[in-house]
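The values are calculated or read from the model by the stated rules, or taken from the named source; none is laboratory data. Given the structure is predicted, the values throughout are model-derived calculations rather than measurements. Glycine also receives a Cβ, built like all others from the backbone with ideal geometry; neighbour counts cover every protein chain displayed. Side chains are part of the model used for accessible areas, which takes the heavy atoms of the whole protein and leaves out ligands, DNA and RNA. Shrake-Rupley method; radii C 1.70, N 1.55, O 1.52, S 1.80 Å.
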There are 2 protein chains.
Amino acid sequence: MGAQTEFILKTSSLSITSSRKKILEIFLSASTALAHQDIEKLAEQYDRVTIYRTLQTFLDRGIIHTIPTTDNTIKYALCSDDCITSGHHHDNHVHFLCDQCGRTLCLDDVSIPAITLPKGYSMKEINMVVNGICKTCME
Amino acid sequence: MGAQTEFILKTSSLSITSSRKKILEIFLSASTALAHQDIEKLAEQYDRVTIYRTLQTFLDRGIIHTIPTTDNTIKYALCSDDCITSGHHHDNHVHFLCDQCGRTLCLDDVSIPAITLPKGYSMKEINMVVNGICKTCME
DNA sequence: AAGTATTTTGCAACAAAGTTGCATTCTATA
DNA sequence: TATAGAATGCAACTTTGTTGCAAAATACTT
Ligand SMILES: [Mn+2]
Ligand SMILES: [Mn+2]
Ligand SMILES: [Zn+2]
Ligand SMILES: [Zn+2]
């Protein structure tokens with residue numbers, strides 16, 4: 001079970017520590033994106049500061065990505081294997097925020113359509129976030 | 001000069017106060033979206049709490065809208081006249097975040113393309129945010 | 001125009017979120 | 001197993017956001 005987390009850390013040339021493994025396991029078993037606070041609760045044996053630094057490290061290596069939200073919270077989710085092996089984030093899927101259950105989901109199968117920017121603008125990254133009611137809450 | 005701000009406040013059935021006029025003037029003369037902190041600096045005669053409450057009021061009335069960003073900051077920008085008269089926000093344009101100058105721009109002429117969500121999801125709102133280099137910084 | 005009801009503001013106190021420096025502990029490697 | 005370098009925990013601090021309440025300003029009635 002720890003095999004996958006250790007593989008990810010090694011691939012990203014990060015030293016293997018118990019907090020990094022724990023936080024990775026949390027992401028691997030999560031079905032939704034997580035806020036810093038969610039992780040704090042699920043990894044309460046570790047210091048808040050360690051979690052801040054670990055998330056930043058994972059972002060730098062393309063292990064996780066952020067999802068912008070309309071409230072003031074950032075959500076984090078695992079990147080695809082592809083990001084992890086290439087060492088930087090380059091996903092292209094839409095994110096969904098459920099107004100009822102509050103969950104944030106990566107819609108891996110919905111890709112962001114291309115847009116044309118006005119002349120003079122150069123695009124580096126694009127984010128698309130949809131609010132609404134998720135499948136589970138609709139039932 | 002205060003005519004336009006007073007008109008907006010009256011249209012939204014808000015009482016006319018000096019802080020509301022000042023904050024509206026700031027938005028009207030701004031070419032970019034503003035963070036809470038930007039407004040604090042430009043309206044330093046008013047209490048921080050008043051600015052929080054005023055922004056919330058303006059959001060409720062569809063006078064301004066928020067722009068989600070990849071860092072943990074919310075930017076605010078004026079809505080179109082259409083939102084103001086109808087009393088709720090319903091813009092549909094792309095937002096641009098310049099990685100160089102840090103400015104956040106409403107690309108009023110670039111509309112968000114439609115997407116198809118997986119079965120069972122219901123869409124209420126959609127946001128599209130592009131990072132890159134803006135026109136001014138490219139020159 | 002003055003008086004009154006209602007709304008808004010500022011202040012204080014607080015809570016939550018995020019940052020930094022440094023001593024200690026842990027990890028990788030020889 | 002010894003050691004250099006990296007990561008962690010802790011304390012102190014800053015920034016950001018929230019709440020209750022008294023004072024002030026605004027809108028409304030007469
Ligand atoms: Mn995602
Ligand atoms: Mn806008
Ligand atoms: Zn839901
Ligand atoms: Zn720029």
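Restrict the check to the stretch A:6-16 and report whether at least one residue is open to solvent by less than 30 Å² (accessible area, probe 1.4 Å), touching a Ser or Thr at 6+ places or on another chain (Cβ under 6 Å) and either touching a residue at least 12 places away in the same chain (Cβ under 8 Å) or closer than 30 Å to B:K124 by Cβ (or both).
Checking the stretch A:6-16: not a single residue is open to solvent by less than 30 Å² (accessible area, probe 1.4 Å), touching a Ser or Thr at 6+ places or on another chain (Cβ under 6 Å) and either touching a residue at least 12 places away in the same chain (Cβ under 8 Å) or closer than 30 Å to B:K124 by Cβ (or both).
What's the number of the only condition in (1) open to solvent by 20 Å² or more (accessible area, probe 1.4 Å); (2) without any contact (Cβ under 8 Å) to a residue 24 or more places away in the chain; (3) closer than 24 Å to B:T136 by Cβ that B:I26 fails to meet?
(1)
Mind listing whichever residues of the stretch A:89-108 are assigned to a loop (DSSP other than H, G, I, E, B) and in contact with a helix residue (DSSP H, G or I) (Cβ under 9 Å, 6 or more places away or on another chain)?
Hits for the stretch A:89-108 are A:H89, A:H90, A:D91, A:D99, A:Q100, A:C101, A:R103.
Are any residues in the stretch B:56-70 of a type outside the set (S, T, N, Q) and more than 8 Å from chain A (Cβ to nearest Cβ), and if so, which ones?
B:F58, B:L59, B:D60, B:R61, B:G62, B:I63, B:I64, B:H65, B:I67
Here is a list of conditions, (1) within 16 Å of DNA strand C (Cβ to nearest atom); (2) at pLDDT 95 or above, and A:I74 meets all of them except one; can you say which number that is?
Unmet condition: (2).
Give the residues of the stretch B:109-139 that are assigned to a strand (DSSP E or B), touching a residue at least 12 places away in the same chain (Cβ under 8 Å) and surrounded by 14 or more Cβ atoms within 10 Å (Cβ to Cβ), sorted by residue number.
B:V110, B:I126, B:N127, B:M128, B:V129, B:V130, B:N131, B:G132, B:I133
Restricting the search to the stretch B:77-108, which residues are within 17 Å of B:F27 (Cβ to Cβ) and open to solvent by 60 Å² or more (accessible area, probe 1.4 Å)?
Within the stretch B:77-108, B:D81, B:D82, B:T85, B:H89, B:R103, B:D108 meet the criteria.
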